[in-house]
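Accompanying notes for the structure given below.
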Amino acid sequence: MEEIGRVIGTEKRPNTAYTFYFWTEPGANVGIGSLVRVFSDEAVVYGTVVEAHGFNDLESPLHEFMSMGGRAGIEPPTVRPEMRVFQAAVLRRTPDEPVGAVPIGKVFLADEADVRTALRTDSFADEFGIPAGCYGPKDAPVAVHLHSHFLLGPESGHLNITGTSGLAAKTSYILFLLKSIFEKCNHGPNALEKGVAALLFNTKGGDLLYVDQDPPAGFLTDDDHKLYAACGVEAGPFKNVFYYSPLSKGGADLNTLRNNEEGYNGNPTKAFTFGLKDVIRHAEVLLNKEDLDAKADGYLQYLNDRFVETTRGHQIGGEGDYLKATTLSSLVTVVRKQIDYCERGQINQIDTHNVLTIRKMYNRIGNLGGRFAGLIAEDGVTEGPFDEEFKPDTLYVVDVAMLNSEEQDLVFSAFITSLREKMENGELGVGRLIVVVDELNKYAPSGGAETYVVKSLKEIASRGRYLGLTLFGAQQFRSRVDKEIVGNAATHSFGHVEAEELAQPAYSYFTPAVKEKLASLEQGAILIKHPHFAQPVFLRFPRPACLKGSDGMKMYPRKSGRPLQDLILDHINAVRAPLNKCKDLLADISDSEENLLAVFRKVRKAKTGEEVEEILRQAPKKAGVSRAQPKAVINQDREFDPFA
């Protein structure tokens, strides 16, 4: 253990119970964020350096100027002694009581055992620890752990990370932390019951679209490998990843950069769509606030209760057929028939709803199919990651990068609301589900309107840790995010932060030196706060061992304008249906675009090769081709005697 100096206390700067000063020689290996140990007969105190000062014996700058004759280019007649004085914030003291001023004593640089003791990880690292990064020099990194019960719940939970876009490596740190969580919480003797999964929203380019692919050779440096080894985490891509994206406007292709199926090792992107019930539930997002007044909202709920949720349907004006809406287009038809009924009878209301309100909603609802084409299902059936329960040790990536702002709002609103409902009903399927939401400045701004998304995020932040849902939120400006969402996060990380943001009151507890370091922090370094750490600690973390988004887009460029027949064949291969037989059936199908699009929608939802074959058999044929009839299959597992 290296002794570097001694604690000092002066009349102007006395030591307190939580702050102390110590001097070192100019060459000592100490800087902002260094961990030190103070040893004395009275107590052992651990601290982190938060400020640095340099001194010599000058009382005034004028003395130095006069001794040099005002000439900077000559050697001084006397070499003045110089010292460094550092301010440190107390991390821990033993014994814990009584809590008094830090005693005068020798100061040592912290070794691995000291780091565990100072950060209180010695009591939980082996059983509940999740490696969050490393402290110390590059040639001897020391892993620092977070307590899983305080990161994922139930004691406390949630992570919030702040940093400048493109400089703070927020996405990289989240991916590394997820890798640590998956390895420590899904495997081994201390795995969490039912395991951990994660749902991520890809909001920018291809950032998260290739996390199951290996990086190029030489991508990870020796320092990265040392950091992975110190943390006990395997340096490799995620093994179990499902990707989802909306359909394109025409419904024939996926609206994502990740649609080049040839290079994804048999893991194609799947589609997600919203059904009619989702459209009605999230009308607040789909329609303008001016359009959805009390009358319009009441009429929409009336449509839902009478024509959507019921099994029998409802009559118009108490006469005629019972109508039931299963798709958006069929709901628009119901509304049109109500308007026609009012016009024929020359009445101004139906079931207490004024015809003017009905006309208004007819115009608004009728436009939704065009405004949100590709997101609203043509058959009215919801499709996506919620079709099945979440599986442990699995990432679910939802790509919304190519959607406009309105469409992204719908996706976030629907997904977060569904997650909240599954959380409350205990239907997540895993012990813990981590939801990663970037751009919180946009989706939950401070002082903004109380939207569906904000309400759901607040609910997750306040109650999620009890029910198995953990929020990992990221943003560029922490001071501009809803305070309730930020305040409910127990763990906070800071990457490179601009000076403008650091000037906000939310950063007032950092010393000027810590702020300066944050403003110039390099990628791969963070400042982290955790309930077990008495003070924030600077850590380093390795780059994620997976393919970067920019590299993935170069290796697998997006395909556009592909024929519908090729898209159908992609899904035939995905479910491992007999290729030659399906090609023959596909060749007989009517090649009109409308027909092929209908076949594609059905094939895309098929789960087995048998389902695909049956869809192709029943599809409309070209002129002169008869529809193939399914043949009986004889059970070959037992002997068959035709003369028995």
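The values are calculated or read from the model by the stated rules, or taken from the named source; none is laboratory data. Here the structure is a predicted model, which is why all the values come from computation and not from measurement. Every residue, glycine among them, receives a Cβ derived from its backbone with ideal geometry; neighbour counts consider all protein chains shown. Protein only, heavy atoms only, side chains kept; ligands, DNA and RNA dropped before computing areas. Shrake-Rupley method; radii C 1.70, N 1.55, O 1.52, S 1.80 Å.
The label point for ASP111 and the one for GLU3, both projected 7 Å from the Cα toward the Cβ, are 1.5 nm apart.
Quantify, in whole percent, the carbon and sulfur part of the accessible surface of the chain (1.4 Å probe; protein heavy atoms only). Please report the intermediate quantities before stating the final value.
Numbers: 14950 of 30540 Å².
Accessible surface attributable to carbon and sulfur in the chain totals 49 percent.
If Lys and Arg each add +1 and Asp and Glu each add -1, what is the summed charge of the other residues whose beta carbon sits under 11 Å from the beta carbon of LEU287? Combined, the nearby Lys, Arg, Asp and Glu give -2. Using a Debye calculation, one point per C-alpha and no hydration shell, please list log10 I(q)/I(0) for region 276-371 at q = 0.20, 0.24 Å⁻¹ in order. Results for region 276-371 at q = 0.20, 0.24 Å⁻¹ read -0.98, -1.43. Computed from the Cβ-Cβ distance with R0 of 56 Å, the FRET efficiency linking THR326 to ASP551 stands at 0.80. For the chain, the Cα-based Rg and Dmax, in that order, read 31.8, 125 Å. For the chain, the longest principal axis of the alpha carbon atoms and the long axis of helix 579-588 meet at an angle near 50°. The stretch between LYS483 and MET83, if pulled fully straight at 0.36 nm per residue, gains 139.7 nm over its current Cα-Cα span.
Global dimensions of region 3-118 from alpha-carbon coordinates: Rg and Dmax equal 17.1, 56 Å.
What is the sum of charges around GLY218, taking Lys and Arg as +1, Asp and Glu as -1, for the other residues whose C-beta is under 14 Å from the C-beta of GLY218? Write out the running numbers ahead of the final one.
On the way: positive: ARG543, LYS548; negative: ASP214, ASP222, ASP223, ASP224, ASP551.
Here the count lands on -3.
In the chain, the calculated helix contribution to ellipticity at 222 nm averages -9500 deg cm²/dmol per residue, counting -39,500 (n - 2.57) for every DSSP H run with n ≥ 4. On a per residue basis, the chain carries 47 Å² of accessible surface, using protein heavy atoms and a 1.4 Å probe. One chain, two ends: THR310 and GLN504. Fully extended at 0.36 nm per residue, the span grows by 64.5 nm beyond their Cα-Cα distance. Summing +1 for each Lys or Arg and -1 for each Asp or Glu among the other residues whose beta-carbon sits under 13 angstrom from that of TYR244 gives -1. Within the assembled protein chains, the solvent-accessible surface assigned to ASP551 is about 40 Å², based on a 1.4 Å probe. Computed over protein heavy atoms with a 1.4 angstrom probe, the accessible surface ordering of MET361, MET68, largest first, is MET68, MET361.
For a modelled paramagnetic label at ILE74, 7 Å from Cα along Cα-to-Cβ, the residues of region 52-66 in reach, with backbone nitrogen under 18 Å, are 62-66.
What is the ratio of the Cα radius of gyration of region 546-624 to 2.2 N^0.38 Å, with N the residue count, to two decimals? Before the final figure, lay out the partial values.
Values: Rg = 14.8 Å, N = 79, 2.2 N^0.38 = 11.6 Å.
Compactness ratio reported: 1.28.
Remark: C-alpha extents of region 81-204 on the principal axes read 56, 36, 28 Å, sorted largest to smallest.
For the cross-link pairs LYS337/LYS360; LYS194/LYS422; LYS138/LYS226; LYS295/LYS360; LYS179/LYS226; LYS179/LYS515, which exceed 20 Å when the distance is taken from alpha carbon to alpha carbon? Write out the running numbers ahead of the final one.
Values: LYS337/LYS360 14 Å; LYS194/LYS422 15 Å; LYS138/LYS226 8 Å; LYS295/LYS360 10 Å; LYS179/LYS226 16 Å; LYS179/LYS515 29 Å.
As for pairs spanning more than 20 Å Cα to Cα, those are LYS179/LYS515.
The angle separating the long axis of helix 564-574 from the principal Cα axis of greatest extent in the chain is about 70 degrees. Under 17 Å from the Cα of LYS621, which lysines turn up, not counting those fewer than eight places away in the same chain? Filter leaves LYS581, LYS583, LYS602.
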